[in-house]
1. Excluding ligands, DNA and RNA, what is the solvent-accessible area per residue of region 1-46 at a probe of 1.4 Å, expressed in Å²?
2. Modelled label-to-label distance, A39 and F66, 7 Å Cα→beta-carbon offset: nm?
3. Once the other residues with Cβ under 11 Å from the Cβ of G16 are scored (Lys, Arg +1; Asp, Glu -1), what is the net sum?
4. For R69, R9, write out the residues from largest to smallest accessible area, computed with a 1.4 angstrom probe and no ligands counted.
5. Hey, what do the phi angles of region 4-18 turn into as Karplus ³J(HN,Hα) couplings, whole Hz, using 6.51/-1.76/1.60 and θ = phi - 60°, x for Gly and Pro?
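The values are calculated or read from the model by the stated rules, or taken from the named source; none is laboratory data. Computed from a prediction, not measured in an experiment: that's the story for all the values here. In this analysis, Cβ positions are derived from the backbone assuming ideal geometry, glycine residues included, and neighbour counts consider all displayed protein chains. For accessibility, only protein heavy atoms count, side chains too; no ligands or nucleic acids. Shrake-Rupley method; radii C 1.70, N 1.55, O 1.52, S 1.80 Å.
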Amino acid sequence: MAAGEQLKRWAAEKMGALLQMPPDSCAPIVENILGYDDASELKAFLADFTEKSAEHKVNRFVEELFAWRAGPSPQPPQRGQQAAGRGGGDSGGGRGGGDRGGAGDREGDRGGG
């Protein structure tokens, strides 16, 4: 599948989730979206179609879209993938020492060992 088709499919899936519509119904919106060259203009356009509470999702979608278009990546971002430089996921240790009192710190106390 061509990279352009992958991008369209990815964008339709993301837009379908944002707008709570089937991805196939989003084709005209996706075609319009892909015509934008300015991320802030696209964010403003999409804000008209989404609830205020979903604004962060729209912004993330636009950022991922423009990152994909600008970079050498052969595939669009995958679901659940974090943008580079953001958060570290569940890597374990966290920032400080082990003295924060999180649930992971208490697990060793439960086993009696």
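1. Details: 2590 Å² over 46 residues.
Roughly 56 Å² per residue, with all protein chains present.
2. Each label point lies 7 Å from its Cα, and together they span 0.4 nm.
3. Numbers: positive: R9, K14; negative: E13, D24.
Cβ neighbours under 11 Å give a net charge of 0.
4. Details: R69 85, R9 135 Å².
Descending accessible area places them as R9, R69.
5. These are the phi-based 3J(HN,Hα) values: x, 5, 4, 5, 4, 5, 4, 5, 5, 5, 5, 5, x, 5, 5 Hz.
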